[in-house]
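Here the structure is laid out as structure tokens; the discussion comes afterwards.
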Amino acid sequence: MNKYSLTFTLQDKKIIFNLSGKVDTMNIPDLQADFEVIRQKCLNGSVVFDCNELTYISSAGLRFFARP
């Protein structure tokens, strides 16, 4: 069960991911899978995360952002 919402827009050669809700240990695998699917469709450009609507993020969620 996802507690987050992930949408994206393309703007000036950037993929802007809008993340809202809660990211925790239980749903981080789903977030990673969703991210990879979108990223593969949009190979060119840099990635920007907009987390203004994120209400909670666990340490597992922070590790998602820290990966290379």
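The values are calculated or read from the model by the stated rules, or taken from the named source; none is laboratory data. If you're wondering where the values come from, they're calculated on a predicted model, not measured in any experiment. Cβ sites come from the backbone with ideal geometry, for glycine too, and all protein chains shown count toward neighbours.
Just one of (1) among the hydroxyl-bearing types (S, T, Y); (2) over 10 Å from the mean Cα position of the chain (by Cα); (3) modelled with pLDDT of 95 or more trips up S20, so point out which.
(2)
Counting only residues that are in a helix (DSSP H, G or I) and either touching a strand residue (DSSP E or B) at 6+ places or on another chain (Cβ under 8 Å) or more than 10 Å from I15 (Cβ to Cβ) (or both), how many does the stretch 25-55 have?
Looking only at that region, the number is 13.
Check the stretch 56-63 and report whether any residue there is assigned to a strand (DSSP E or B) and of a type in the set (A, V, I, L, M, F, W, C).
There is at least one residue in the stretch 56-63 that is assigned to a strand (DSSP E or B) and of a type in the set (A, V, I, L, M, F, W, C).
Filter the stretch 6-24 for residues that are assigned to a strand (DSSP E or B) and without any contact (Cβ under 8 Å) to a residue 24 or more places away in the chain and give the result.
Across the stretch 6-24, the qualifying residues are T7, T9, Q11.
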